[in-house]
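Inspection log for the structure reproduced underneath, given as structure tokens.
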Amino acid sequence: MPTILRTNGFRFFFYSNENDEPAHVHVEKGNAEGKIWPAPTLAAVYFRGFGSNEQNDIMEIASKNLDSFLIKWYEYFGK
């Protein structure tokens, strides 16, 4: 489970066995979790346990780190 970013209590990561799926990032904080598609357009797949302010924060963080997320995904999976 490579962690690609920790900020504001959120941990952004991906699972090492998910290379059959398109690039995406998971996020967790406490017991809350979510999944984000960074491309072709940044979109939340789901959020469980996050309040609306946290969801907005997650999407803002993801938007600012989008290129880094994609680079780390493709570097890890060799695509």
Spin-label pair ALA44/ASN17, simplified geometry with 7 Å Cα→Cβ offset, distance in nm:
2.8
I'd like the orientation of helix 52-64 relative to the chain: the angle between its Cα long axis and the longest Cα principal axis, in ° from 0 to 90, rounded to 10.
30
The extension gain from ARG6 to SER68, computed as 0.36 nm times the residue separation minus the Cα-Cα distance, is 21.0 nm
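With 10 angstrom as the radius, rank ASP57, ASP67, ASP20 by how many other C-beta atoms surround their C-beta, starting from the fewest.
Least to most surrounded, the residues fall as ASP20, ASP67, ASP57.
Below 8 Å, C-alpha to C-alpha, sequence gap of six or more: please give me the relative contact order for the chain in percent. Working shown, then result.
On the way: 101 pairs, mean separation 16.7, N = 79.
Normalised by residue count, the contact order of the chain is 21 percent.
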What angle do you read, to the nearest 10 degrees and between 0 and 90, between the alpha-carbon axis of helix 66-77 and the longest principal axis of the chain?
40
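Any read-out appearing in this document is the output of simple, stated calculations on the displayed coordinates, not a laboratory observation. For clarity, every value in this text was computed on a predicted model and none was experimentally measured. Glycine also receives a Cβ, built like all others from the backbone with ideal geometry; neighbour counts cover every protein chain displayed.
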